[in-house]
Amino acid sequence: MRAGEFGMKKISVFLWVIVMVLGVSISFGAETIKAIWDANEETDLAGYKVYSSRTSGGPYVLLSDVGNKTELVIDISTEVDGKIYYVCTAYDTNGNESGYSNEAMWTVDHTAPAPPSGCRIIKL
């Protein structure tokens, strides 16, 4: 082993452990859903956009331009409880955007469960 190589390996292992610990703790509280839709058949298709609204029928706000993917993972962990409505559009290489897709709805519910009852201690 060359001089300093052992120290670099220790640092690399240490950084890897830090990244793994932070990665686990960051994703621990995430609550996600996935929007999916069928691909369009147009030859000049450039991509898709996903919109959301707290009101059925809109107005919708652009959530993400996902390019040519036909799905989007949505983090709802910071959303307030209630219904969220989602629609998708397609757009082509000329910038023309379709109308909205059918509306899909998700109910966010961060309410904690009721506490258990009947908790007791027994002698074994």
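Just to be sure I understand, how many residues within region 34-56 are assigned to a strand (DSSP E or B) and within 19 Å of the chain's Cα centre (by Cα)?
Applying the first criterion (assigned to a strand (DSSP E or B)) to region 34-56 yields 34-36, 45-53.
Remaining after also requiring within 19 Å of the chain's Cα centre (by Cα): 34-36, 47-53.
The total comes to 10.
Looking at region 93-108 only, could you name the residues that are exposed (fewer than 10 other Cβ atoms within 10 Å of the Cβ) and in a loop (DSSP other than H, G, I, E, B)?
Those that are exposed (fewer than 10 other Cβ atoms within 10 Å of the Cβ) and in a loop (DSSP other than H, G, I, E, B): Asn94, Gly95, Gly99, Asn102.
Values in this text are rule-based calculations from the coordinates and carry no lab data. Worth saying up front: this structure is predicted, and the values here are computed from it rather than measured. Cβ coordinates were reconstructed from backbone atoms using ideal geometry, including for glycine residues, and neighbour counts include every protein chain displayed.
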